[in-house]
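*Asks:* Have a look at the structure that comes next, please.
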Amino acid sequence: EAGVTQSPTHLIKTRGQQATLRCSPISGHTSVYWYQQALGLGLQFLLWYDEGEERNRGNFPPRFSGRQFPNYSSELNVNALELEDSALYLCASSGAGFYGYTFGSGTRLTVV
Amino acid sequence: LAKTTQPISMDSYEGQEVNITCSHNNIATNDYITWYQQFPSQGPRFIIQGYKTKVTNEVASLFIPADRKSSTLSLPRVSLSDTAVYYCLVGDRNTDKLIFGTGTRLQVFP
């Protein structure tokens, strides 16, 4: 069974640009979560999608947004990139009966 | 909202048992407690999950006291490859919030 897959692995953008990160959950999982992890720091909750709808978001500005598609894959969009947006962005999925996550390997976003 | 705190770091030697505690004073009644291991530049990897008392799998044990305000991850006979950051995660499906602990950096020495 394939795990959670994220693309791209690495992404370099210029300040002010937009970044799009993608995530495919484990087959059968309907919930997708996004976390930001700045270098050397903990995991900060960004967004939660379930059944195509945004269920919850963390304390991030509106320029962080996303969506979930009918096949449960998800996109995270970051507009007007700032240098402090440089981080590892992790996607996780969960399914019924498991009160936890399975994580992908992340996308390393670097803003220059 | 559950708040979770962990020791910042711990040191150990190969072959020793390591116990890492997470405090979650405000855990809700239906929260599960999950522990993850994370290596640099990788996503966290599931270790163990429990609701109360003791849970054991092939890699770790999880001890949860009756009041559930803390939990302890126990790693038996650690090896160098166990050097990583360990996070607890307290889930609350009613409030739709899953809160990670602050993380504990474990360093295992030969």
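*Asks:* Can you go through A:Gly52, A:Gly95 and tell me which one is in contact with a Gly (Cβ under 6 Å, 6 or more places away or on another chain) and over 23 Å from A:Gly16 (Cβ atoms)? First the steps, then the outcome.
*Replies:* Values: A:Gly52 fails: in contact with a Gly (Cβ under 6 Å, 6 or more places away or on another chain).
The unique qualifying residue is A:Gly95.
*Asks:* Something else now. B:Val78 fails exactly one of the following numbered conditions: (1) open to solvent by less than 20 Å² (accessible area, probe 1.4 Å); (2) more than 9 Å from every other protein chain (Cβ to nearest Cβ); (3) part of a strand (DSSP E or B). What is the number of that condition?
*Replies:* B:Val78 satisfies every listed condition except (3).
*Asks:* In addition: Need the failing condition index for A:Leu46 against (1) within 14 Å of chain B (Cβ to nearest Cβ); (2) touching a Lys or Arg at 6+ places or on another chain (Cβ under 8 Å); (3) assigned to a loop (DSSP other than H, G, I, E, B), just the number.
*Replies:* Going through the list (1) within 14 Å of chain B (Cβ to nearest Cβ); (2) touching a Lys or Arg at 6+ places or on another chain (Cβ under 8 Å); (3) assigned to a loop (DSSP other than H, G, I, E, B), A:Leu46 breaks only (3).
*Asks:* I'm checking my understanding of the structure. Among residues of segment B:16-29 that are open to solvent by less than 50 Å² (accessible area, probe 1.4 Å) and farther than 13 Å from B:Gln107 by Cα, which one is modelled with the highest pLDDT?
*Replies:* Among them, the one singled out is B:Cys22.
*Asks:* Moving on to the next point. Aromatic (Phe, Trp, Tyr), modelled with pLDDT under 95 and buried (at least 18 other Cβ atoms within 10 Å of the Cβ): which single residue out of A:Tyr89, A:Tyr101 fits that description?
*Replies:* Working: A:Tyr89 fails: modelled with pLDDT under 95.
From the options A:Tyr89, A:Tyr101, the qualifying one is A:Tyr101.
*Asks:* Would you point out the residue of segment A:53-111, among those that are touching a residue at least 40 places away in the same chain (Cβ under 8 Å), part of a strand (DSSP E or B) and polar (S, T, N, Q), that is farthest from the other protein chains (Cβ to nearest Cβ)?
*Replies:* Among those residues, the one meeting the criterion is A:Asn77.
The values are calculated or read from the model by the stated rules, or taken from the named source; none is laboratory data. Remember, predicted model here, so these are calculated numbers, not experimental data. Glycine gets a Cβ as well: all are built from the backbone with ideal geometry, and neighbour counts include every protein chain shown. Just so you know, the surface numbers come from the protein's heavy atoms only, side chains and all, with ligands and any DNA or RNA stripped out. Shrake-Rupley method; radii C 1.70, N 1.55, O 1.52, S 1.80 Å.
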